[in-house]
2 protein chains.
Amino acid sequence: MSTEQPRERGRPSGRRAGESGTRDAILAAARQRFADTGYDRASLRGIAADAGVDQKLVAHYFGAKQHLFVEAVGLPLDPLVVLPAILEGGDEAVIAERLAQGIALVLEQPELHQRLTAAVRATATEPAVARAMREFFPDQVLPAVSHLLGPGDGRLRLNLFGSQLVGLLMGRYVIGVDPLTNLEAKAVGAAVGPTLARYLVGSYALPTGN
Amino acid sequence: MSTEQPRERGRPSGRRAGESGTRDAILAAARQRFADTGYDRASLRGIAADAGVDQKLVAHYFGAKQHLFVEAVGLPLDPLVVLPAILEGGDEAVIAERLAQGIALVLEQPELHQRLTAAVRATATEPAVARAMREFFPDQVLPAVSHLLGPGDGRLRLNLFGSQLVGLLMGRYVIGVDPLTNLEAKAVGAAVGPTLARYLVGSYALPTGN
């Protein structure tokens with residue numbers, strides 16, 4: 001196995017069998033560790049040991065633990081990369097349009113929305129996955145975007161964003177309601193983009209402690 | 001069992017054991033029929049036969065099939081009653097406020113949100129329940145509110161409304177994300193009320209057929 005090859009974090013493609021096997025072994029070990037201990041307590045050292053590889057190889061394939069987590073739980077896009085790009089520079093209307101396009105892109109590609117729906121199903125049905133997700137978003141994703149979010153509690157903004165995304169995937173792919181299930185991806189993006197933008201950067205009635 | 005007693009559709013309360021048993025038998029038969037055949041093909045006659053009671057008794061306890069369905073699948077509020085009341089007379093801001101109060105009311109009462117979350121779980125995991133729900137909302141609920149919805153496809157508006165409601169319940173009760181899980185009911189209502197109002201009556205980019 002060559003360590004000269006550039007680091008890849010995308011899908012396997014034209015990779016030699018040995019490399020693909022090592023990569024899969026690391027992902028399987030990571031999935032198990034994240035489920036067993038949650039995100040915070042899972043170490044790259046432990047994951048490497050479980051997979052029977054050197055820890056450097058884990059970093060070579062996946063970079064930081066955050067990125068390994070994204071791959072291990074099957075998120076099709078890395079929120080640490082995608083969310084800052086969507087939120088950087090632009091008012092609520094611009095961000096709504098970017099979110100509409102992002103949603104359309106995910107829904108147009110079966111590979112992307114199938115992985116995302118699988119991650120939602122796992123989060124909803126496996127308490128261990130839910131725990132890891134509950135640690136990952138506030139601890140890892142929030143610091144990368146908190147300065148780009150609207151006023152108030154950024155964790156709540158991400159919660160609300162996630163609630164609409166989860167509900168959309170449930171309605172379109174899990175429950176299968178008509179016409180949402182058959183609607184073209186762009187129309188779905190246009191419908192939910194402004195909701196997602198409002199949750200992330202817009203003003204809404206914030207908790208007042210009453 | 002007296003047939004003089006006024007019709008009740010609420011929760012059992014102070015009802016004699018025989019009545020409660022009959023009512024439960026009808027609900028169990030209805031659940032099974034709706035799951036087996038879907039909403040449209042389930043008949044009150046067949047449900048009564050399965051429960052071993054006269055069909056008139058089903059009507060006495062539950063009224064029309066629509067209301068029996070609402071009780072059988074465990075919806076805590078009847079959308080045929082609640083939605084028209086929320087949508088009747090009032091602009092988008094007024095309706096958003098009513099929706100915020102309605103959501104707060106449901107979240108404040110464990111009995112209500114537990115039943116609603118159970119219905120969401122059943123819809124997401126049991127294809128037969130999903131099918132009955134997919135028939136019930138466009139065929140029964142939509143005609144009762146279509147004249148009160150915004151322009152465009154009313155079914156899609158109900159789909160989007162449902163998607164945010166499902167995502168909210170998933171995030172707050174099934175996945176359990178913080179702070180959404182611990183946030184006071186009124187603050188949650190204030191956060192999602194405007195989203196729900198926009199989906200039902202507001203303007204959003206409608207499908208353009210591109």
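The values are calculated or read from the model by the stated rules, or taken from the named source; none is laboratory data. Model, not experiment: these values are computed from the prediction. Note that we place each Cβ from the backbone using ideal geometry, even for glycine, and neighbour counts take in every protein chain shown.
Checking the conditions here, which among B:38, B:102 is closer than 22 Å to residue B:157 by Cα, touching a residue at least 60 places away in the same chain (Cβ under 8 Å) and among the small types (Gly, Ala, Ser)?
On the way: B:38 fails: closer than 22 Å to residue B:157 by Cα.
That would be B:102, the only listed residue that is closer than 22 Å to residue B:157 by Cα, touching a residue at least 60 places away in the same chain (Cβ under 8 Å) and among the small types (Gly, Ala, Ser).
Could you tell me which residue of region B:142-184 is farthest from the other protein chains (Cβ to nearest Cβ), considering only residues that are among the aliphatic types (A, V, I, L, M) and within 14 Å of residue A:178 (Cα to Cα)?
Looking at residues that are among the aliphatic types (A, V, I, L, M) and within 14 Å of residue A:178 (Cα to Cα), I get B:142.
Kindly indicate the residue of region A:195-207 that is surrounded by fewer than 23 Cβ atoms within 10 Å (Cβ to Cβ) and within 7 Å of chain B (Cβ to nearest Cβ) and also modelled with the lowest pLDDT among those meeting that condition.
A:207
Answer yes or no as to whether residue A:133 is at the interface with chain B (Cβ under 8 Å from one of its Cβ atoms), under 27 Å from residue B:137 (Cα atoms) and within 17 Å of the chain's Cα centre (by Cα).
Taking the combined requirement at face value, the residue does not satisfy it.
Looking at region A:109-173, what helices (runs of 4 or more DSSP H) fall wholly within it and have at least 2 residues that are of a type in the set (A, V, I, L, M, F, W, C) and crowded, with 19+ Cβ neighbours inside 10 Å?
A:110-125, A:127-136, A:154-169
Those residues that are surrounded by fewer than 16 Cβ atoms within 10 Å (Cβ to Cβ) and over 16 Å from residue A:136 (Cβ atoms), I need them from region A:26-49; list them, please.
Once the filter is applied, which keeps residues that are surrounded by fewer than 16 Cβ atoms within 10 Å (Cβ to Cβ) and over 16 Å from residue A:136 (Cβ atoms), region A:26-49 yields A:28, A:45, A:49.
How many residues are out of contact with any Lys or Arg (no Cβ under 9 Å at 6 or more places or on another chain) and either surrounded by fewer than 14 Cβ atoms within 10 Å (Cβ to Cβ) or over 24 Å from residue B:125 (Cα atoms) (or both) when one looks only at region B:66-94?
10
Can you confirm whether residue A:80 is of a type outside the set (Ser, Thr, Tyr) and over 20 Å from residue A:27 (Cα atoms)?
no
Which members of region A:1-55 meet the condition of being in contact with a Gly (Cβ under 8 Å, 6 or more places away or on another chain), at pLDDT 50 or above and among the aliphatic types (A, V, I, L, M)?
The answer is A:25, and nothing else.
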